[in-house]
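K.L.:
I'd like to ask you about the structure that follows.
Since every read-out is calculated from the coordinates, none of them should be taken as a lab result. Here the structure is a predicted model, which is why all the values come from computation and not from measurement.
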Amino acid sequence: MPRRKNPVEKMELKSPEVKARILAVLQALWGEKTVSEICQETGLKQIQYYKLEGQLLKGMVMAAEASLCGGRARNPLWESRDLEERNRRLRQEVLRSQSILRLTRKLFKMGPRRPKNGPRGGRPPKALTVQKPQPMEAVAPNISHDLHHAA
């Protein structure tokens, strides 16, 4: 099977210098040029070339592993981006839930929930205590008398 001439040409890279360096490393790996020739053409020192070659090979190995595992072998950078996006969505969901709770409390005139026995415990204040019902005569003694005479 014949090898494609220049797969780097199809890549959309912002910098032509980056594209040239990638192509140079691939040419050395293919055996088309020596490392010395590439260093003279690109202006790289040999140590820089070998560092670049190592980085490119590491990236290719990670890409190959990911394709074999169906994308399960995750690049830590991708994983970090995914987690940041998930964190952003969850924060939005929390804000949305808080807004819904606030609106619900306004609609039903509910205050924030308090413990049953007040904030510090102990006996609740008198305003919150349930008063015992009083007999009708004690509340309005004349109502029963007026009802009998009105009929």
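K.L.:
5 Å is the cut-off here: which amide hydrogens, built 1.01 Å from N in the peptide plane, fall below it relative to Leu44, excluding neighbours closer than 5 in sequence?
P.N.:
none
K.L.:
Mind listing the long-range amide H neighbours of Lys33? Cut-off is under 5 Å, sequence gap 5 or more, other chains count too, H placed in the peptide plane at 1.01 Å from N.
P.N.:
So Lys33 has HN proximity to Ala28.
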